[in-house]
Amino acid sequence: MTLLRPGDPGFDPFRHTFGPGGSPALVASCADAAEVADALRHAKAHGLRVAVRSGGHSLAGLSTNDGGLVIDLSPLDQVEPLGDDLVRVGAGATWGAVSKALAPHGLAVSSGDTSNVGVGGLLTGGGLGWLLRRHGLTIDHLVAAEVVTADGGVLRVSAADHPDLFWAVRGGAGTAAIVTRAELRAHRVTEVAFGQIGYAAADAERVFKGWREVHRAAGDGLTSAVARVPGATMVLACHADAGALDALTTLAEPTSVDVKVVPYPDILEAAAPPPDWQPHMRNRFLRELTDDHIRAMLAFAEATPMAGVSVRGLGGAMNRVPAGATAFPHRDSEVMALAGLLGTPDQHPARLPAFDALWAALEPEATGAYVGFLSELSQDDVAAIWPGATRERLIEVKRRYDPANVFSGTASGTL
Ligand SMILES: Cc1cc2nc3c(=O)[nH]c(=O)nc-3n(C[C@H](O)[C@H](O)[C@H](O)COP(=O)(O)OP(=O)(O)OC[C@H]3O[C@@H](n4cnc5c(N)ncnc54)[C@H](O)[C@@H]3O)c2cc1C
């Protein structure tokens, strides 16, 4: 285990996340489950609060803290094909590295759209990516995991071993254990067609409505999203066959069409926003995307400086998993609606009333939330991520495996 303290070379990156930063007292970089267990014992002995960090991309700033211990899993970055389409990945690997390691084997795991996001955070939250409708969420492919529980116990969890904890690991966002290694069923994927189609900002309403009709008519092979960003409207789409993207290039007069057939790792992009930016971001699920939803989202994006909205298409394999099968219960929506304020934190307050008004307009029908795309975790947000029976079941698992709330610094720490 490598220990870093404030002032040590290499310490500073652990103060930062994709959201708020912090000033931890100690960083323990762990190379295996035994070291993670040691780090947890150290935290208990010294009364240090714990933050768990895999790829450091938490939008809510959860992978650092003030005055506590950061358990850094980045040394746990091995990717090992095990045969029979099964792969074992370390929680500290990035999804870009996983995709590159699997490509020579003709395999891919359905993950997110960003190469530098970590395995640990995305996997424990759910995992929505470009193979979502074809193959489902990342958690839907988890066969077993090696985890470290709050008391330092190292367990293998699967459908047969500790099924309650296995359920909670898939969507519970680190509720009751730290995942150190995950065994996932990969898919036979080599090349994919990926399209980025630009339209004028003025055509946004037509493009959003047209995109919705293509999304509804398409089979599970198409996973796509539409966004209104400052100055433009964009459609992004992935399919095994380039011809299937044609319908998305004629929603209005495109300003750019970039459709290419490339190896799967090439469609994962690295996110590198300006270092002082902290996006303010919220999402909710919609069973049906209506014209009123589209108009409300676009009115917000048009009237608010440096704001963006997007709609990610859901359904397909993701929605065929029963709601109670994992701790991610949102399996009946057509789309996810997202809105974000870009820029530095001091730029947000003036725009928050418009942001909150948008969600108030959507919220009668917009229910449920994805933990990964939230920059704040209010009580309402936590209740939306884990509603009703999911919440009750997570609380039960938490009582069993983390009664002292050692993992209070996770999204579910306030459950
Ligand atoms: C630029 C960007 C693009 C994104 N794109 C996508 C996307 O396409 N699809 C998608 O689904 N999500 C996406 N996300 C959201 C992403 O899944 C979450 O932010 C996720 O938490 C990041 O994982 P990480 O390991 O990098 O995070 P970290 O910041 O390291 O961890 C975040 C939190 O997750 C929990 N956690 C992390 N590792 C573990 C572990 N090993 N065991 C238990 N709990 C753990 C902890 O509570 C931790 O504090 C994106 C985020 C960003 C910033």
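Across the stretch 261-296, which residue is farthest from the chain's Cα centre (by Cα) among those that are under 19 Å from Asp381 (Cα atoms) and not polar (S, T, N, Q)?
Restricting to residues being under 19 Å from Asp381 (Cα atoms) and not polar (S, T, N, Q), the top hit is Arg287.
Being modelled with pLDDT of 95 or more, part of a loop (DSSP other than H, G, I, E, B) and either near the ligand (Cβ under 8 Å from one of its atoms) or more than 20 Å from the chain's Cα centre (by Cα) (or both): is that true of Asp66 here?
Details: modelled with pLDDT of 95 or more: yes; part of a loop (DSSP other than H, G, I, E, B): yes; either near the ligand (Cβ under 8 Å from one of its atoms) or more than 20 Å from the chain's Cα centre (by Cα) (or both): yes.
Here the answer is yes, as Asp66 does meet what is asked.
I'd like to know if the stretch 342-352 contains one or more residues that are under 10 Å from Arg284 (Cβ atoms) and of a type in the set (A, V, I, L, M, F, W, C).
Looking for residues that are under 10 Å from Arg284 (Cβ atoms) and of a type in the set (A, V, I, L, M, F, W, C), one finds none in the stretch 342-352, hence no.
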Considering only residues that are of a type in the set (Gly, Ala, Ser), in contact with a strand residue (DSSP E or B) (Cβ under 6 Å, 6 or more places away or on another chain) and either surrounded by fewer than 21 Cβ atoms within 10 Å (Cβ to Cβ) or in a helix (DSSP H, G or I) (or both), which ones fall in the stretch 139-162?
Ala144, Ser158
Hits in the stretch 127-138 (condition: out of contact with any strand residue (DSSP E or B) (no Cβ under 9 Å at 6 or more places or on another chain) and more than 7 Å from the ligand (Cβ to nearest atom))
Gly136, Leu137
Can you find a residue that is outside any helix (DSSP H, G or I) and surrounded by fewer than 22 Cβ atoms within 10 Å (Cβ to Cβ) anywhere in the stretch 201-212?
no
Restricting the search to the stretch 70-126, which residues are part of a strand (DSSP E or B), within 9 Å of the ligand (Cβ to nearest atom) and either at pLDDT below 95 or surrounded by fewer than 22 Cβ atoms within 10 Å (Cβ to Cβ) (or both)?
Thr114
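Restricting attention to the stretch 163-193, and to residues there that are in a loop (DSSP other than H, G, I, E, B) and within 15 Å of the ligand (Cβ to nearest atom), which single residue is farthest from the chain's Cα centre (by Cα)?
Ala176
Residue-wise test of (1) surrounded by 15 or more Cβ atoms within 10 Å (Cβ to Cβ); (2) not aliphatic (A, V, I, L, M).
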| site | (1), (2) |
| --- | --- |
| Leu245 | yes, no |
| Pro265 | yes, yes |
| Ala272 | no, no |
| His280 | yes, yes |
| Leu286 | yes, no |
Hits in the stretch 9-59 (condition: β-branched (Val, Ile, Thr) and more than 14 Å from Gly118 (Cβ to Cβ))
Val27, Val36, Val50
Looking at (1) within 30 Å of Gly340 (Cα to Cα); (2) of a type outside the set (Ser, Thr, Tyr); (3) assigned to a helix (DSSP H, G or I), which one does Glu35 not meet, given that it meets all the others?
(1)
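Closer than 25 Å to His57 by Cα and of a type outside the set (Ser, Thr, Tyr), is that true of Val321?
Judged against the criteria, Val321 is not a match.
The values are calculated or read from the model by the stated rules, or taken from the named source; none is laboratory data. Keep in mind that this is a model prediction, so the values were computed, not measured. For neighbour counting, all protein chains shown are included, and Cβ atoms are generated from backbone atoms with ideal geometry for every residue, glycine included.
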